[in-house]
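These notes concern the structure reproduced below.
The values are calculated or read from the model by the stated rules, or taken from the named source; none is laboratory data. Source: prediction; values computed, not measured. Cβ atoms come from the backbone with ideal geometry, glycine included; neighbour counts cover every protein chain shown. Note: accessible area is taken over every heavy atom of the protein model, side chains too, but ligands, DNA and RNA are not part of it. Shrake-Rupley method; radii C 1.70, N 1.55, O 1.52, S 1.80 Å.
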Amino acid sequence: DQQVKQNSPSLSVQEGRISILNCDYTNSMFDYFLWYKKYPAEGPTFLISISSIKDKNEDGRFTVFLNKSAKHLSLHIVPSQPGDSAVYFCAARAQGGSEKLVFGKGTKLTVNP
Amino acid sequence: SAVISQKPSRDICQRGTSLTIQCQVDSQVTMMFWYRQQPGQSLTLIATANQGSEATYESGFVIDKFPISRPNLTFSTLTVSNMSPEDSSIYLCSVEGLILDTQYFGPGTRLTVL
């Protein structure tokens, strides 16, 4: 039973346009959400996070939106650059002190020049 | 952020053998984590390793199959025992991040079992 779902295995956008990556979750105990970026042959790299007390967090070109009622979050990349081409993983952590992260299967983003 | 290295980066092994994966961090950390990413799947936590105590395994993972050592605050090993083709995965170690509630990951070990 997947608690964190990324329903789009892949996404292709043009350079300069907006990339929107989506993530849904089922566990209402999740209170902290993270996005990781992974290049081939490298480990995942932390990108941005959001606490459940917020609905938006912004860091440069990256913005994460959280809709708790819909159990949905999204990562917006504006403007998209070819170097953003990677696999993006959504992850969540449940309240209660556990360090365990639950990951989605990832979305492969391709930004075309 | 912490610099994490893993050895080996990749290996091809025969069924029934064991492989030990090493994870080295450039700073002292309390908690280290071992994940598995099977082909086309998400990262799944195998166990949490704290220095000086037994590793805590997630449901579906057992110590006999994935023994873990944590001899000090900068090093850990994961052994994949009695391997079968189903163990073919990328194995990653991670550590707690300086940013609260984040984790930093090593580059991973790509294991293929024939």
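Please give me the summed charge of the neighbours of A:Asn67: other residues whose Cβ is under 14 Å from its Cβ, Lys and Arg +1, Asp and Glu -1. Please list the in-between numbers first.
Values: positive: A:Lys54, A:Lys56, A:Lys68, A:Lys71; negative: A:Asp24, A:Asp55.
Here the charged neighbours net out to +2.
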Original post:
So how strong a dipole does the range B:15-114 carry about its Cα centre when Lys and Arg Cβ are +1 and Asp and Glu Cβ are -1, to the nearest 20 debye?
Top reply: 260 debye
Subject >> Residue-normalised accessible area of the range B:41-114, given per residue in Å² at a 1.4 Å probe >> reply: 42 Å²
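Classify the protein assembly as shown: rounded, prolate or oblate, from the alpha-carbon gyration tensor (a ≥ b ≥ c, eigenvalue square roots; a/c under 1.5 rounded; otherwise prolate if a/b is larger than b/c)?
It is prolate, given that a/c is not under 1.5 and a/b is the larger ratio.
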**OP:** Mind giving me the FRET efficiency for B:Ser81 and A:Ala41? R0 is 22 Å, r the Cβ-Cβ distance, nearest 0.05 is fine.
**Re:** 0.30
Original post:
Can you list the cysteines of the protein assembly as shown that have no other Cys Cβ under 4.7 Å away?
Top reply: B:Cys13
Subject >> Interface burial for B against A (accessible surface, 1.4 Å probe, total of both chains, Å², rounded to 100) >> reply: 1600 Å²
**OP:** For chain B, build the charge dipole from Cβ charges (+1 Lys, Arg; -1 Asp, Glu) around the Cα centre, then report which of B:Thr79, B:Cys13, B:Ser59 sits farthest towards its positive end.
**Re:** B:Cys13
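Keeping all protein chains in place, calculate the accessible area per residue for chain A (probe 1.4 angstrom), answer in Å². Spell out each step's value before the answer.
Values: 5440 Å² over 113 residues.
In whole numbers, chain A has 48 Å² accessible per residue.
Treat every Asp and Glu Cβ in the protein assembly as shown as -1 and every Lys and Arg Cβ as +1, leave all other atoms uncharged, and give the resulting dipole magnitude about the Cα centre to the nearest 20 debye. Walk me through the numbers before you get to the answer.
Values: 20 positive and 19 negative charges, 76 e Å.
Here the protein assembly as shown has a charge dipole of around 360 debye.
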Original post:
Taking each residue of A:35-42 in turn, how many C-beta atoms of other protein chains fall within 10 Å of its C-beta, and what is the average?
Top reply: 3
Original post:
Can you list the aspartates and glutamates whose alpha carbon is less than 19 Å from that of A:Lys54, not counting same-chain residues fewer than 8 positions off?
Top reply: A:Asp24, A:Asp31, B:Asp101
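Count the net charge of all other residues whose Cβ sits under 15 Å from the Cβ of A:Lys38, scoring Lys and Arg as +1 and Asp and Glu as -1.
Details: positive: A:Lys37, A:Lys105, A:Lys108, B:Arg36, B:Arg110; negative: A:Glu42, A:Asp84.
Cβ neighbours under 15 Å give a net charge of +3.
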Original post:
Taking all protein chains as present, what is the carbon and sulfur share of the accessible area of chain B, in % to the nearest whole number, probe 1.4 Å?
Top reply: 50 percent
Subject >> Gained length - A:Arg61 relative to A:Glu15, 0.36 nm times residue gap less alpha-carbon distance >> reply: 15.3 nm
**OP:** Only counting protein heavy atoms at a 1.4 Å probe, give the residues of the range B:17-46, ordered by number, whose accessible area falls by 10 Å² or more when the other protein chains are present relative to the chain alone.
**Re:** B:Met31, B:Phe33, B:Tyr35, B:Gln37, B:Gly40, B:Gln41, B:Ser42, B:Leu43, B:Leu45
Subject >> Rounded to 5, the percent of DSSP beta bridges in chain B classed as antiparallel >> reply: 90 percent
Original post:
Could you give the radius of gyration (one decimal) and Dmax (whole number) of the Cα atoms in chain B, in Å?
Top reply: 13.2, 40
Original post:
Considering protein heavy atoms only and a 1.4 Å probe radius, which residues within the range B:71-101 exhibit an accessible-area decrease of no less than 50 Å² in the full assembly relative to the chain by itself?
Top reply: B:Asp101
Original post:
Using r as the Cβ-Cβ distance of B:Lys65 and A:Asn27, and R0 as 22 Å, what FRET efficiency do you calculate, to the nearest 0.05?
Top reply: 0.25
**OP:** Along Cα→Cβ, 7 Å out, is where each label goes; now give me the distance between the ones at B:Thr112 and B:Arg10 in nm to one decimal.
**Re:** 0.7 nm
Original post:
Hey, any idea what % of chain A's accessible area is carbon plus sulfur with a 1.4 Å probe?
Top reply: 48 percent
**OP:** Rank B:Ser89, B:Ser69, B:Ser59 by mean-square fluctuation in a GNM of chain B with C-alpha springs under 10 angstrom and give only the top-ranked residue.
**Re:** B:Ser59
